[in-house]
Structures are given as C-alpha cells and as structure tokens.
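Every number in this text was worked out from the coordinates using simple rules, so none of it is lab data. All of these numbers come straight from a predicted model, not from anything done at the bench. Because the Cβ atoms are built from the backbone with ideal geometry, glycine has one as well, and the counts that use them run over all protein chains shown.
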Amino acid sequence: MNILEFSSLVWIGSFSAGFLGALTGLGGGVVIVPFLTSIFGVDIRYAVGASLVSVIATSSGAASAYIKQGYTNLRLGMFMEVATTIGALVGALIATFVSVKALTLILALVLLYSAYLSQQPRLEQTESKLTNPWITHLKLNSTYPTPDGLMPYHVYSLPVGFGLMIVAGVFSGLLGIGSGAFKVLAMDQIMRLPFKVSTTTSNFMIGVTAATSAGVYLARGYIDPRLSMSVMLGVLPGAFLGARILVGTKTEVLRIIFSLVLVAMAFKMVYNSLVGGF
C-alpha cells in the first residue's frame with residue numbers, strides 16, 4: 001500500500017469518526033483507535049495520540065456550531081472541564097503502568113450498560129423542586145432551542161456528575177477515546193439534561209480533556225505528525241457535517257445512534273483485547 005492509498009483510507013475512516021463523534025457527542029476516538037490498530041496495525045500508543053488530536057479537531061469543528069445555535073451549556077461545560085482535566089492528567093500519567101487490556105474489558109461492560117441506560121425513556125423537561133445552591137450560584141440552569149421556542153431546563157446531582165467527569169477524564173487519558181460516552185450519560189441520566197444539550201456540551205468539553213492528555217503523549221513522543229494530520233483532515237469535515245445534521249434530528253434517533261455506536265465500540269474493544277490489539 002502506497003502513501004496515497006494509506007492517506008485516503010485514513011481520511012475516509014476519520015471522516016466517519018468525525019461525523020459520528022459530532023452527532024453523538026462521543027468524540028472521534030471511539031472509531032479512530034480501533035480503526036487504526038485493527039486495520040492498519042498502528043501501535044496503540046500512536047493510535048491513541050492521533051485519536052486525541054482527532055478529538056480536539058472534532059470538538060473544535062462541532063462546538064462552534066452548537067454554541068452559535070444555543071444548545072451548549074457553556075457554564076456547565078467549563079465547570080465540568082475542571083474534573084475532566086484532572087482525570088485526563090491522571091490517566092495519561094499512569095497509562096504506561098496500567099494493564100490497558102484488562103481496563104478495556106471493564107470499559108466494554110460499562111459501555112454496554114450505558115447503551116442500555118440511554119434507551120430508557122425519560123422526560124426531556126422537568127420541574128425543579130429542590131435547588132442546589134451551587135447550581136444557582138454558578139447559574140448552571142439554562143435554556144435550549146426547540147420547535148416551540150426556547151425551553152428551560154434544570155441541572156441535577158452536580159456532585160455525582162462532577163465525580164463521573166473525573167472518571168471520564170481518566171479513561172480519556174488511558175485510551176484516547178475522548179470519553180464522551182461517560183460525559184453524555186452523566187449529563188443525560190444523572191444530571192437530567194435534555195439529550196441534545198448533553199451531546200453538544202460533551203462535544204465542547206472533550207476538546208479540553210483531549211488536549212490535556214495530548215500534551216503528555218506529545219512529550220513522550222507518541223504523536224506522529226503525519227498520521228495525526230491525515231486523521232485531522234478527515235475528522236474536521238465529518239464533524240461539521242455531523243453538527244449540521246444533529247439540529248434537525250429527533251432525540252429518539254440520536255439515542256438509537258448513540259447506543260449502536262456504544263455497542264459496536266464495546267464489542268470492538270473486547271475483540272482487540274482478546275486478540276492482542278490492546
């Protein structure tokens with residue numbers, strides 16, 4: 001395979017990763033890491049490095065559109081980034097000392113359960129009866145656009161959500177997957193945000209999380225500029241397309257896509273672990 005064929009195939013895979021990452025809030029890493037390791041035989045450390053770059057590109061490409069459209073909760077995203085940044089630093093620093101193979105098996109089980117949770121029916125709008133003083137003080141409650149106009153929503157279980165964001169950051173640093181699955185599920189199921197707000201705010205956050213981890217991988221020499229550039233050039237247009245499509249897509253459809261990607265990701269991780277891909 002010559003360099004042109006390699007770059008073209010990487011671009012196609014990266015475009016798909018960016019599209020799914022922007023549409024579901026998972027980040028392109030859920031596709032990029034298994035794609036590079038299983039199809040092209042790229043070393044997992046370099047695949048994670050390229051994946052982290054792709055997650056930054058996905059976030060940059062989609063987040064600007066979502067913020068402009070009024071879906072992203074900027075205040076909540078910036079507050080939760082403190083937790084994901086701490087977790088990402090811890091994950092990246094211990095990446096060489098942890099059995100990633102065992103970790104991915106555990107993560108696969110969590111993702112399967114997350115896919116199940118995401119399909120459980122839940123009202124998108126709820127009335128707030130108990131107000132957390134921190135939520136009020138930080139002004140985390142907000143509104144998002146709907147066909148009927150701006151719809152208000154309330155944030156719940158802030159401490160639990162903050163803790164889950166730390167876990168999400170650790171997985172991001174260890175596996176380079178952006179950990180959007182944990183971010184979306186934490187905001188959707190625990191903090192009870194509307195699903196589109198959860199996915200768009202996740203897209204905003206994953207870039208900061210990935211950038212923190214990427215700095216550690218760059219210092220260790222695990223980011224190949226040629227590979228990362230091919231990945232990023234594919235991810236960006238895919239992310240822009242995903243951001244455009246999300247606005248007009250029904251929440252039920254987004255939940256189904258989100259679940260399918262989680263299930264596919266989980267089985268791929270199990271397969272890679274068993275055959276030695278991780």
Could you calculate the FRET efficiency of Y271 with L74 from 1/(1 + (r/R0)^6), where r is the beta carbon distance between them and R0 is 45 Å, rounded to 0.05? 0.75
Near S157, within a Cβ-to-Cβ distance under 12 Å, what is the net charge of the other residues, with Lys and Arg +1 and Asp and Glu -1? 0
Counting only the backbone N, which residues of the range 56-97 are under 19 Å from the spot 7 Å out from the Cα of H137 toward its beta-carbon? 75-83
Given the range 3-275 reduced to its alpha-carbon atoms as identical point scatterers, what log10 I(q)/I(0) does the Debye formula return at q = 0.07, 0.09, 0.11 Å⁻¹? -0.22, -0.36, -0.54
For the range 3-275: relative contact order, % (alpha-carbon pairs under 8 angstrom, 6 or more apart): 40 percent
List the pair-distance distribution P(r) of the range 1-70, using every Cα-Cα distance, as the percent of pairs falling in each 5 Å bin from 0 up to the bin containing the longest distance, rounded to whole percents. 4, 18, 26, 24, 14, 8, 4, 2, 0
What spacing in nm lies between the two simple spin-label points modelled at I245 and L4, each 7 Å away from Cα in the Cβ direction? 2.9 nm
Could you compute the FRET efficiency for S38 and L109, with r as their C-beta to C-beta distance and R0 at 22 Å, rounded to 0.05? 0.65
Can you spot the lysines whose alpha carbon is less than 27 Å from K68's alpha carbon? Ignore those fewer than 8 places along the same chain. K139, K183, K196, K250
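Give the calculated FRET efficiency between V160 and I12 to the nearest 0.05, with a Förster radius of 35 Å applied to their Cβ-Cβ distance.
Numbers: r = 39 Å, r/R0 = 1.12.
Calculated value: 0.35.
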Take every Cα pair under 8 Å in the range 128-253 that's 6+ residues apart, average their separations, divide by the length, and report that relative contact order as a whole percent. 17 percent
